[in-house]
Amino acid sequence: MLALIDANNMYVSCERVFAPRLVGRPVVVLSSNDGACIARSNEAKELGVKMAQPWFQVRHLERTAGLIAVSANFELYSDMSARMMAVAGRYAPRQQVYSIDECFLDFEGVRGELVAIGRQIRAAVLGEVGLPTSIGFGATKTLAKLANHVGKTADRKPGSYPTTLAQVCNFANLDARELADVFAATDVGVIWGIGRKISEKLRAADVRSVLDFVRADAATIRGQFSVVLEKTLMELRGTSCLEMSDIDDVPIAKQQILVSRSFGKAITDPAAIIEAVSEFASRAAEKLRHQQSTAGAVGVFFMTSPFRPNDRPHSVNVTTPLVRPTADSRLLVQAAVNAAEVEFRHGFNYAKAGVILSDIRPASHHQGELDLFANDERAKTHAKDRSALMEVVDVLNCRFGRDSVRIGSSTLASHSAEVRSWATRQERRSPRYTTRWVEMPVVKA
DNA sequence: TCTGGGGTCCTAGGACCC
DNA sequence: TCTGGGGTCCTAGGACCC
């Protein structure tokens with residue numbers, strides 16, 4: 001039996017732990033640039049604020065309905081996430097952290113009543129970390145996800161499901177009839193793996209509820225959609241198709257590393273694009289070294305805004321293969337900047353840019369005898385110097401703070417983050433209470 | 001005025017091989 | 001006029017997730 005545990009409105013709940021004035025009020029957390037709502041409290045959902053809705057569209061609710069908006073504070077959220085995962089992990093032999101706010105637990109071999117255990121987990125995470133959670137139990141990952149959704153919804157919208165399913169929902173405790181009722185009352189679009197496009201297509205074929213979907217013909221689903229959706233169907237019928245990947249302690253290395261931002265305002269100046277791309281490449285290189293990998297290709301993109309119909313659209317997306325995979329910031333930045341210089345066009349209002357590292361492999365992996373340069377002693381020494389230098393840079397930045405040492409070209413046009421024309425706005429960010437000494441909350445006697 | 005920033009997996013189709 | 005058949009590998013793009 002598997003469980004999915006996730007934090008309710010994670011980002012909002014993290015903010016509330018340290019700012020009790022937010023409790024019971026409609027609250028949203030804003031994306032970078034304070035552009036869109038990426039988390040909503042239940043009260044904000046009730047005001048009609050949609051996921052990813054632009055802030056300017058709901059801003060009037062600040063005055064009319066007491067809506068409170070805060071800028072995203074990812075440093076705080078990821079630390080709170082780690083604490084939550086540590087607590088949840090105590091209760092089952094295997095845990096897979098799936099995202100910042102949810103993990104799967106595998107209860108195989110565990111004795112005891114699962115709903116009762118689920119309630120203990122909720123109480124522990126709430127008591128020790130301060131985050132409210134929901135828990136779903138099912139025979140497969142997709143069922144556990146669905147049970148979690150039912151548990152959360154039963155709690156939030158009385159009458160939607162039997163109250164016994166609220167907060168902690170175990171499908172195994174339902175008989176066939178009760179399960180069919182739950183499935184019939186649940187929209188097909190909430191199933192894990194069914195997004196907007198597929199649910200539209202399913203509805204057009206008169207498959208509207210989870211029950212409709214579960215009763216659909218598997219071969220037809222595969223033919224008209226994909227093997228992926230067929231797996232989803234089998235999972236809902238109780239046949240496991242998605243394995244637990246339970247590499248508990250060692251995070252799986254990313255196959256692609258992306259750093260991108262929307263600009264605070266439109267960019268027309270090549271120097272600004274180059275500065276941004278240089279900065280993104282630097283940041284990506286840090287992530288790359290952190291997971292002890294090298295990249296064999298550097299991608300750069302920048303584009304105009306699709307939301308400004310009066311702007312001429314333009315979009316650049318180029319990938320530069322590297323002769324030899326590297327994790328050296330200077331080489332990665334150089335490749336990214338070169339591509340940006342070549343592809344930049346005057347006369348466009350660029351709104352967003354990014355750098356993607358791909359063809360990622362372990363840093364320990366050497367090309368071996370086929371790489372002629374590798375046999376060149378000077379080249380070997382050079383490579384060693386390089387990685388030693390990067391190590392020093394990383395250590396210094398870890399000790400003295402981000403950007404204590406950085407690549408020269410990322411400061412071409414200006415000297416501080418505050419004056420960089422492309423820098424994102426974050427006017428409402430809370431203190432990083434748990435990860436910065438100077439921002440630690442102070443208790444007054 | 002103002003519209004997120006990460007990721008994953010699968011598939012179709014082209015390049016290329018014999 | 002008629003122009004193979006079977007395979008692999010790679011990439012771009014589309015779907016999804018949070």
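For the range A:208-228, give me the residue count where each residue is modelled with pLDDT of 95 or more and either within 13 Å of DNA strand C (Cβ to nearest atom) or closer than 23 Å to A:GLY159 by Cα (or both).
Of the residues in that region, 6 qualify.
For the range A:232-260, give me the residue count where each residue is closer than 21 Å to A:THR142 by Cβ and either modelled with pLDDT of 95 or more or among the small types (Gly, Ala, Ser) (or both).
10
Return the residues of the range A:294-320 that are within 15 Å of DNA strand C (Cβ to nearest atom) and either among the small types (Gly, Ala, Ser) or not in a strand (DSSP E or B) (or both); say none if nothing qualifies. Spell out the reasoning first.
The first filter runs over the range A:294-320 and keeps only residues within 15 Å of DNA strand C (Cβ to nearest atom), leaving A:295-303, A:306, A:313-320.
If the condition is that a residue be within 15 Å of DNA strand C (Cβ to nearest atom) and either among the small types (Gly, Ala, Ser) or not in a strand (DSSP E or B) (or both), then A:ALA295, A:GLY296, A:ALA297, A:GLY299, A:PRO306, A:PRO313, A:HIS314, A:SER315 are the ones that fit.
Which one of the conditions (1) free of Cβ contacts under 8 Å to residues at least 60 places away in the same chain; (2) within 29 Å of A:VAL300 (Cα to Cα); (3) of a type in the set (Val, Ile, Thr) does A:ILE257 fail to meet, given that it meets all the rest?
It is condition (1) that A:ILE257 fails.
So, in the range A:107-128, exactly how many residues are within 22 Å of A:MET10 (Cα to Cα) and either in contact (Cβ under 8 Å) with a residue 60 or more places away in the chain or not aliphatic (A, V, I, L, M) (or both)?
Result for the range A:107-128: 8.
Need at least 1 residues that are over 21 Å from the mean Cα position of the chain (by Cα), in contact (Cβ under 8 Å) with a residue 60 or more places away in the chain and over 30 Å from A:LEU146 (Cβ atoms) per element, so show me which helices (runs of 4 or more DSSP H) inside the range A:1-78 make the cut, counting only ones lying wholly within it. Talk me through it step by step, then tell me what you get.
Values: elements: A:10-18, A:42-46, A:55-58, A:61-65.
Those helices (runs of 4 or more DSSP H) span A:10-18.
Hey, any hits in the range A:312-319 for a residue that's surrounded by fewer than 20 Cβ atoms within 10 Å (Cβ to Cβ) and hydrophobic (A, V, I, L, M, F, W, C)?
Of the residues in the range A:312-319, the ones surrounded by fewer than 20 Cβ atoms within 10 Å (Cβ to Cβ) are A:312-319.
From the residues that got through so far, the ones that are hydrophobic (A, V, I, L, M, F, W, C) too are A:316, A:318.
Scanning the range A:312-319 turns up at least one residue that is surrounded by fewer than 20 Cβ atoms within 10 Å (Cβ to Cβ) and hydrophobic (A, V, I, L, M, F, W, C).
A:ASP206 is checked against (1) in a helix (DSSP H, G or I); (2) more than 15 Å from DNA strand B (Cβ to nearest atom) and fails just one. What number does that condition carry?
Checking A:ASP206 against (1) in a helix (DSSP H, G or I); (2) more than 15 Å from DNA strand B (Cβ to nearest atom), the one that fails is (1).
Inside the range A:187-206, can you point out the residues that are under 15 Å from A:GLU235 (Cβ atoms) and more than 9 Å from DNA strand C (Cβ to nearest atom)?
Correct list: A:VAL188 only.
Scan the range A:330-344 for residues that are surrounded by 12 or more Cβ atoms within 10 Å (Cβ to Cβ) and either within 16 Å of DNA strand B (Cβ to nearest atom) or of a type outside the set (S, T, N, Q) (or both) and jot them down. Working first, answer last.
The initial filter retains those residues of the range A:330-344 that are surrounded by 12 or more Cβ atoms within 10 Å (Cβ to Cβ), namely A:330-341, A:343-344.
Residues satisfying the conditions are A:ARG330, A:LEU331, A:LEU332, A:VAL333, A:ALA335, A:ALA336, A:VAL337, A:ALA339, A:ALA340, A:GLU341, A:GLU343, A:PHE344.
Taking only pairs six or more apart or across chains, which ones have beta-carbon atoms under 9 Å, a first residue in the range A:191-218 that is under 23 Å from A:LEU4 (Cα atoms) and of a type in the set (Lys, Arg), and a second residue that is at pLDDT 95 or above and within 13 Å of DNA strand C (Cβ to nearest atom)?
Cβ pairs passing all conditions: A:ARG196/A:GLY189.
The values are calculated or read from the model by the stated rules, or taken from the named source; none is laboratory data. Keep in mind it's a predicted model, so treat the numbers as computed, not measured. Neighbour counts run over all protein chains shown; Cβ positions are idealised from the backbone, glycine included.
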